[in-house]
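One structure below.
The values are calculated or read from the model by the stated rules, or taken from the named source; none is laboratory data. The structure displayed is predicted, hence computed values, not measured ones. Glycine gets a Cβ as well: all are built from the backbone with ideal geometry, and neighbour counts include every protein chain shown. Ligands, DNA and RNA are excluded from the accessible area calculation, which covers all protein heavy atoms including side chains. Shrake-Rupley method; radii C 1.70, N 1.55, O 1.52, S 1.80 Å.
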Amino acid sequence: MEQPVTLSENWQAFVEKCKNCHACALADSRQHVVIWRGGVRAPLIILGEGPGADEDRQGIPFVGRSGRLLDLLLTSCGFKPEDYHICNIVKCRPPGNRVPTREEAAACRPLLKEQLLFVRPAVYLLMGATAFRYFTGSEEGISRARGIWTVSNKCHIMPTFHPAYVLRDPSKKIYLWKDMASVRQKLEELDLVQPLQRPS
Ligand code: URA
């Protein structure tokens, strides 16, 4: 009798498909396709813009300065790696860290859609104007949109600032932290993470 195909075999096949992707010209200059870190299935998806130089070198999202800030904030909000799945609008580094074009984002979208079927997140944290614009289609500025929950297809969506922006303007760190704390609260309300022990 044939063995049932497990999630992890399917996930491995998906990873291989990503590694072989040549849907846009970003494939020509990449060192690695940057797919995810955290849990494959997770209640929270964290979406950034695209890999930078460190991520391209290591093949893992958010491992540079922005990633270190992100990890600090995730830990301070009580998140564990199995609670989240981190990925980007595009899986290959745009040369010189430019913003991915609309065409590049569109070329990457089928893989992102497929990825979401594995993750099955209930909550989305969209970090930065690019993730917000390309994911929602909204033209609203991130400074106005951040911190406000919307619901789409039964998923809860929180836009926030990108950690790289916060590194450039540390006065904005409090907003990124507040939005992440709000995400934690939402996941607790939905019973998707253990409530944190808070001082009474
Ligand atoms: N910035 C992003 O948007 N994504 C990364 O993976 C790293 C930096």
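Brief remarks on what is shown
- Total charge dipole magnitude, the range 31-128, about the Cα centre, Cβ charges on Lys, Arg, Asp, Glu only, Debye to nearest 20: 60
- Couplings 3J(HN,Hα) of the range 40-47, computed from phi: 5, 9, 7, x, 10, 10, 10, 10 Hz, in residue order, whole Hz [Karplus 6.51 cos²θ - 1.76 cosθ + 1.60, θ = phi - 60°; x for Gly and Pro].
- Those trypsin sites (Lys or Arg not before Pro) in the range 91-162 that DSSP places in a loop and that have at most 12 other beta carbons within 10 Å: 98, 154
- By the helix-only formula, in which each DSSP H run with n ≥ 4 contributes -39500 (n - 2.57) and the sum is divided by residues, the chain has a 222 nm mean residue ellipticity of -13000 deg cm²/dmol.
- Here the range 1-69 exposes an accessible surface that is 50 percent carbon and sulfur, computed with a 1.4 Å probe and the other protein chains kept in place.
- Here r is the Cβ-Cβ distance between residue 144 and residue 113 and R0 is 30 Å; the resulting FRET efficiency, rounded to 0.05, is 0.65.
- For the set 117, 192, the ranking by accessible area, highest first and with no ligand, DNA or RNA atoms included, is 117, 192 under a 1.4 Å probe.
- Phi to ³J(HN,Hα) by Karplus 6.51 cos²θ - 1.76 cosθ + 1.60 over the range 174-183, Hz, x for Gly, Pro: 4, 6, 4, 5, 4, 5, 5, 5, 5, 5
- Heavy-atom surface of the range 54-118, accessible at 1.4 Å and reported per residue (Å²): 46
- Converting phi to 3J(HN,Hα) with the Karplus coefficients 6.51, -1.76 and 1.60 and the offset θ = phi - 60°, the range 68-80 yields 5, 5, 4, 4, 4, 5, 4, 5, 5, 8, x, 7, 10 Hz in sequence order, with x at every glycine or proline.
- Residues with amide H under 5 Å from that of residue 88, placed H, sequence gap 5 or more: 48
- Projecting the Cα atoms of 176, 195, 64 onto the charge dipole of the chain, computed from C-beta unit charges around the Cα centre, puts 176 farthest toward the positive end.
- The antiparallel fraction among DSSP beta bridges confined to the chain stands at about 25%.
- Once you reduce the range 132-190 and the range 61-117 to the center of their Cα atoms, the two points are 14 Å from each other.
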